[in-house]
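Have a look at the structure below before the remarks.
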Amino acid sequence: MTDYVRLWFRLVPAYAAGYFLSYGLRSVNAVIAPELMQELNISAAGLGLLTSAYFLGFGLFQLPLGLLLDRFGPRRVEAALLLVAASGCTLFALGTHLQALALGRALIGLGVSACLMASFKAFSQWFPIDRLPALTATIMVAGGLGALSASVPVEAALPLLGWRGVFFLVAALLVLASGFLMTMPDHQGAAHRESFGQQVRTLGSIYSNRHFWRFAPQGCVTVGGFMAIQGLWAVPWLMDVHGATRSEAANVLFLMALAMLAGFLFVATCSGFLARRGVSPMLLLTVGMGLALVVELAILLDWAHPSWLWPLLGLSFSLGNIAYSQLTAAFPVALSGRVNTALNLVVFVGAFGLQWGIGAAVDAFVDAGGLTRANAFRATLGVLLVAQTLTFAWFLVPVKRASH
């Protein structure tokens, strides 16, 4: 067994387990939405606010997260935060009113906020640079499996455990994942030597960079919009617009997650091969985001059966994670952690605002506009699609890369 293989089995499963649980928690409310609305007697806007609290806690912690990862290393930071996520799951499972559940959901988001970024940081410390794309895609595969677990498996578990039991179970798994991480080795010299003040000042150079703002609007509105839909509104859309049962909607969500998983595997295995033949990662990213907008239009206009369109949407958005490597290539390597978390911040703030905003817009179209819920969903998606198209057009404007 080579040193690389031994190191892979020592590190990758621990970080993959955290991201698996993170992605499952991101998506699980889509399946349990009917129970939450009925038991808590909340509106679509209330459900959107409740579920999007995950994105708020996740997004607002991205900037301090980058500093903590550089200063204390990924193992300690993620292991501690997973315990915060476990407490959030416990609070969510025990909550009896909207405020308590929203707080629990925000703690979950904060607690899993390091799962992807910590793995990026750890892999960059332990593995050579040519191994990083495949390792990154491996973590994304774990996330795809987490999304799969939050669809049909959760729907099947509800009669046995109930939604509260599901969250108690995940809380226990998060504690185990934290303990697993604590058995991992530390990388010598992992702590960053910059002072805290210097670390903070570098954030200004990132947020004032034109290259960053080429990617940020699309990340916020387009990728954040997809996360908002996948994490909550896909199932209500399928039930209200297409008349699907909850089980049928969960099956479509499962197919979408399966297609995302296939996309992550494609990036892991084929991106290097394609790059050597002139198909750059930037071209893959551009094609994926453009295709996603076409598929959203097809969903809006009902051009094909949902079991075809929604998986195609998931496949398209699986290419969106290429943006992280393409953005960090425009900055010095020493800033890569903070660049990734800076982009993650705008993505998750967008997901928070849009997940809440979609519910509020649907309620407004129904109450003030007099539309049916089905047409209110269509109108809301139409507005979102226009905004996403504008950010895609902005992304297509090239930026001259500065030398370092």
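The values are calculated or read from the model by the stated rules, or taken from the named source; none is laboratory data. In this text the structure is predicted, and so the values were computed from the model without any measurement. FYI the Cβ positions are ideal-geometry reconstructions off the backbone, even for glycines, and counts take in every protein chain you see. Side chains are part of the model used for accessible areas, which takes the heavy atoms of the whole protein and leaves out ligands, DNA and RNA. Shrake-Rupley method; radii C 1.70, N 1.55, O 1.52, S 1.80 Å.
The table below lists the values:
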{"item": "Solvent-accessible area per residue, Å², over region 214-264 with all protein chains present [probe radius 1.4 Å]", "result": "25"}
{"item": "Relative contact order (%) - criterion: Cα under 8 Å, at least six apart; region: the chain", "result": "27"}
{"item": "Extension gain, Ser247 back to Ala100 (0.36 nm per residue minus Cα-Cα distance, nm)", "result": "50.1 nm"}
{"item": "Ellipsoid equivalent to the chain - semi-axes via the Cα gyration tensor, in Å", "result": "32, 25, 20"}
{"item": "Residues of region 13-81: accessible area per residue with a 1.4 Å probe, Å²", "result": "27"}
{"item": "Gyration tensor verdict on region 90-165 (Cα atoms; rounded if a/c is under 1.5, prolate if a/b is larger than b/c, oblate otherwise)", "result": "oblate"}
{"item": "Neighbour count of at most 15 Cβ within 10 Å plus DSSP loop: longest trypsin sites (Lys or Arg not before Pro)-free window in the chain", "result": "1-192"}
{"item": "Rounded percent of accessible protein surface that carbon and sulfur make up, the chain, 1.4 Å probe", "result": "70"}
{"item": "Listed residues Leu81, Leu91 arranged by accessible area, highest first, probe 1.4 Å", "result": "Leu91, Leu81"}
{"item": "Segment Val397-Ala368, extension gain: residue separation times 0.36 nm, minus the distance between their alpha carbons", "result": "6.6 nm"}
{"item": "Relative contact order, percent, region 282-404 [alpha-carbon distance under 8 Å, six or more residues apart]", "result": "29"}
{"item": "DSSP H segments from the chain that extend 24 Å or more along their own axis, Cα-based, with Kyte-Doolittle mean of -0.5 or above", "result": "3-40, 74-94, 132-149, 152-182, 246-276, 281-301, 336-367, 373-395"}
{"item": "For Ala114, residues with placed amide H under 5 Å, excluding near neighbours", "result": "none"}
{"item": "Relative contact order %, region 74-204, counting alpha carbon pairs below 8 Å whose residues are six or more apart", "result": "37"}
